[in-house]
Amino acid sequence: MIKKNQLVEFEITGITAEGNGVGRTEDGMAVFVPMTAVGDFVRVKIVKVLKNYSFGIIDQIIKPSPDRTEPDCPVFHKCGGCTFRHISYDAELKIKSNLVSDCFKRIGGFETDYDEICGCEELDFYRNKAQYPVAMLDGKAECGFYSRRSHRIVPYTACRLQPEIFREIVDFVVEYINFEKVPAYDEVTHKGLIRHIYLRKGYHSNEIMLCVVGTSKKVVAFLQNLCANTDLLTRFSDIKSVVANINPENTNVILGKKNITVHGTDNISDVMCKNKISLSPMSFYQVNTCQAEKLYSIAAEFADLKGGEKILDLYCGAGTIGLSMHDKVKHLTGVEVVEQAIDNAKINAEVNGIKNAEFICGDAGTVAEKMAGKGDKFDVIIVDPPRKGCDGVTIDSILKMSPDKVVMISCNPATAARDCKMICESGEYEVKRVRAVDLFARTGHVECVVLISRIL
């Protein structure tokens, strides 16, 4: 039986969904080791022993894996943002592809063919959104990212996932926070004003929204002074919107419910699948625009629309998925619980001259249940749920509406496999195609698109 602090040697033979390497000791005990790659032969220090498995850290890489590369970020080993900067991108894609197929085989019991994963063209600087926590460190405000499994900030803003201009803006704002001696929020004492600096950027438009999250309306005065007393808006001329978000709650949720526009417009615009898109601070919008356009084209391919269909887009966000297919359908109905996102979806339809779309604000399951109760029918239902997946009410309502196809887009292969299994257990549907799509290069996240068709 291995013990804590013991040194053991073995080969890494697998990778978990969290990016931890897995190997086995001579007695068969599984050990999870971060920052390792399949094929590494390592000496590991055991740091935690449980009944059936253990956790360890690298003491020495005796023989490195052929997949291993030198990380190109100085805080990779501390920051919790990236998972796979120590391996090649080809190896990363294999891991993500296997993760999706394994979930569908193990959880769903599906033995369908799996399409080749769609990889990222841009591995760096691809994100159109970033949320930077702010904290007091050694008497001054610092900004960065949370370290793994903690709320301890790693003070670093030159993240390779974010556009370079984000670093410049964040550094500028933090410098002004310290110049004005404005206190950052303390999660322990619940005192201080500035919680997060939140940036959005239109991939095609280059328009930028600067949003600062504060505990009270005092953040409005801070932003007014920032805009009036510095050269922020001339130095960064792409900033079209400056917004104060008020979040006084003792919570890990980043954004509060109230937004106050301090400068410019309430929203910024971008283009997604040739449609103009309006974005508020609250709108859901895929963080990798280029890959999202590929994702939506795959969803459209799976739907195989002929032009006469009625489609229902559940969890529609700002309407980007359904609107990308508007010219291929008779009518589109979108449902989303976030009111601002529905407002954006309606604006997006209007500015693009789209007449065959309507958007409903409400919980996806509740609205779908009412539709099913009224006997509403749709040819195709698109679902893009949060990580927790669909609830039982939503799945039951989908089955009652009896669409010819369900196209599921999911950021969590495990819950996607579970939900697909629940739909197929009705005996009326089968999973026909599954394709993994990497929207989040160098991180542990992967999306997938699933085609669920009625059995004829």
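Here are some notes:
Residue-by-condition table, conditions (1) surrounded by 18 or more Cβ atoms within 10 Å (Cβ to Cβ); (2) without any contact (Cβ under 8 Å) to a residue 40 or more places away in the chain; (3) part of a loop (DSSP other than H, G, I, E, B):
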residue: Ile409; (1), (2), (3): yes, no, no
residue: Asp419; (1), (2), (3): yes, yes, no
residue: Gly427; (1), (2), (3): no, yes, yes
residue: Arg433; (1), (2), (3): no, no, no
residue: Cys448; (1), (2), (3): yes, no, no
residue: Ile452; (1), (2), (3): yes, no, no
residue: Leu456; (1), (2), (3): no, yes, yes
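- Residues of region 347-386 classified as within 14 Å of Gly317 (Cα to Cα) and of a type in the set (Phe, Trp, Tyr), total: 1
Table: residues versus (1) touching a Pro at 6+ places or on another chain (Cβ under 9 Å); (2) free of Cβ contacts under 8 Å to residues at least 24 places away in the same chain; (3) of a type in the set (D, E, K, R); (4) open to solvent by 70 Å² or more (accessible area, probe 1.4 Å).
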| position | (1), (2), (3), (4) |
| --- | --- |
| Asp59 | no, no, yes, yes |
| Lys63 | no, yes, yes, yes |
| Pro66 | no, no, no, yes |
| Pro71 | no, yes, no, no |
| His77 | yes, no, no, yes |
| His86 | yes, no, no, no |
| Asp90 | no, yes, yes, yes |
| Val100 | yes, no, no, no |
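- The residue list Asp327, Asp266, Asp313 contains one member that is charged (D, E, K, R), part of a loop (DSSP other than H, G, I, E, B) and either at pLDDT 95 or above or farther than 18 Å from Met401 by Cβ (or both), which is Asp266.
- Qualifying position, being in a strand (DSSP E or B), open to solvent by less than 30 Å² (accessible area, probe 1.4 Å), aromatic (Phe, Trp, Tyr) and under 19 Å from Tyr126 (Cα atoms), among Tyr198, Tyr285: Tyr198
- Any chance Pro386 is part of a loop (DSSP other than H, G, I, E, B) and open to solvent by less than 20 Å² (accessible area, probe 1.4 Å): no
- Single unsatisfied condition, Val38 versus (1) buried (at least 20 other Cβ atoms within 10 Å of the Cβ); (2) assigned to a strand (DSSP E or B): (2)
- Given (1) of a type outside the set (Gly, Ala, Ser); (2) closer than 27 Å to Gly19 by Cβ; (3) modelled with pLDDT of 95 or more, index of the condition Ile165 fails: (2)
- Among residues of region 339-358, those that are touching a helix residue (DSSP H, G or I) at 6+ places or on another chain (Cβ under 9 Å) and open to solvent by less than 20 Å² (accessible area, probe 1.4 Å), counted: 4
The values are calculated or read from the model by the stated rules, or taken from the named source; none is laboratory data. Since the structure is predicted, the reported quantities are computational estimates derived from the model, not experimental observations. Positions of Cβ are backbone-derived with ideal geometry, glycine not excepted, and every protein chain shown enters the neighbour counts. Side chains included, ligands, DNA and RNA excluded: accessible areas come from the protein's heavy atoms. Shrake-Rupley method; radii C 1.70, N 1.55, O 1.52, S 1.80 Å.
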